[in-house]
1. Answer yes or no as to whether R125 is within 17 Å of L294 (Cβ to Cβ), within 17 Å of the chain's Cα centre (by Cα) and in contact (Cβ under 8 Å) with a residue 40 or more places away in the chain.
2. Suppose the filter is crowded, with 16+ Cβ neighbours inside 10 Å, closer than 19 Å to P290 by Cα and among the β-branched types (V, I, T); does T186 pass it?
3. Regarding segment 24-39, can at least one residue be identified that is assigned by TED's automatic domain parsing to the domain that holds C100, in contact with a Ser or Thr (Cβ under 7 Å, 6 or more places away or on another chain), at pLDDT 95 or above and not in a helix (DSSP H, G or I)?
4. Go through R74, R42 for me and flag whichever is among the basic types (K, R), out of contact with any His (no Cβ under 8 Å at 6 or more places or on another chain) and not in a helix (DSSP H, G or I).
5. Please go through segment 198-245 and give me each residue that is touching a strand residue (DSSP E or B) at 6+ places or on another chain (Cβ under 8 Å), within 30 Å of R42 (Cα to Cα) and among the basic types (K, R), ordered by number.
6. Kindly indicate which of S197, S214 is small (G, A, S), in contact (Cβ under 8 Å) with a residue 60 or more places away in the chain and surrounded by 15 or more Cβ atoms within 10 Å (Cβ to Cβ).
7. Among the numbered criteria (1) without any contact (Cβ under 8 Å) to a residue 24 or more places away in the chain; (2) surrounded by fewer than 17 Cβ atoms within 10 Å (Cβ to Cβ); (3) within 18 Å of F137 (Cβ to Cβ); (4) among the small types (G, A, S), which one does A219 miss?
8. For I37, work out the one condition from (1) in contact with a Lys or Arg (Cβ under 6 Å, 6 or more places away or on another chain); (2) aliphatic (A, V, I, L, M); (3) under 14 Å from L244 (Cα atoms) it doesn't fulfil.
Amino acid sequence: MPTAKRLEVNVGERTLSLSNLDKLMYPRAGFTKGHVIDYYTRMAPVLLPHLRARPLTLKRYPNGVEGTFFYEKRCPAHRPAWVRTASVWSGRNEGDIDYCLCEDLPTIVWLANLADLELHTPLARAPAMDQPTLIAFDLDPGPPATIAHCARVALELRSSFEYFGLQAFAKTSGSKGMQVYLPLNTPVGYEQTRAFSRGLAQVLERRAPERVVSDMAKAKRSGKVFVDWSQNERHKTTVNVYSLRAKEHPTVSTPLTWDEVSNAADGTPCSFLASEVLERVETMGDLFAPVQTLEQELPG
């Protein structure tokens, strides 16, 4: 019997009309839109705190990961009245843009139904968009370098933070690289976080120029790990923790323990599917929870 094209469901106090639940979003994995909605629904208890007050850039794949995609910063005009938004000044547009905020289960189900596979967020929370709550280091391997090389650089970053008495947290990008986050949650501006991240990336490059590069020129990245400090900017976004990625299979940007990072540096595979991440959260909890609460100050 064919699946109904539309299905009315109650999510909390909201009624949503879901469409094409059997549509393949990840054709090679047999992963449908229904699976996407199920993943985000089950992940919501740990995911939503990381999305709170962060203006969301949607990355939508209406025909699945093998089709075309588009970014959507302005929250769709056809959104339900109960979807909250945040107005953020855009110099490029010379005006405010109303971004979606995803702070409850009905909203995340609505977004998943739009085929918003990836969730991209800034480093600040609205309305304080000039005050990042964390610093992000995006470790991108230039072939033939791999995520194992990224893990080694992540461990070096951790050692640098420990020198200053700071704690950092690592996650996979869900793609080919790794990311290290330094939570702050104390008053600071992008001028300071950008200078700190750039300076640290340059130090790592000076220590190991054969393995690390801090220059954004792609021609210099072959066989090295690019420590991308440029993400620490008001207008930049990074893939949110627990977000699906639009790859051949439904991989997820997954928090790691530092033991796992050490194992990855030794060559242990370090990629997780949606089903595996749900199991990890069940047994390990939210490894990234401290990123939202831990208060640390940048060194003077």
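1. Yes; evaluated as a whole, the condition is true for this residue.
2. No, not satisfied.
3. The answer is yes; a qualifying residue exists.
4. Exactly one residue qualifies, and that residue is R74.
5. Residue satisfying the conditions is R245 alone.
6. On inspection, the qualifying residue turns out to be S197.
7. Condition (3) is where A219 drops out.
8. In the conditions (1) in contact with a Lys or Arg (Cβ under 6 Å, 6 or more places away or on another chain); (2) aliphatic (A, V, I, L, M); (3) under 14 Å from L244 (Cα atoms), I37 misses (1) alone.
The values are calculated or read from the model by the stated rules, or taken from the named source; none is laboratory data. Keep in mind that this is a model prediction, so the values were computed, not measured. Every residue, glycine as well, gets a Cβ built from its backbone with ideal geometry; the counts of neighbours run over all protein chains shown.
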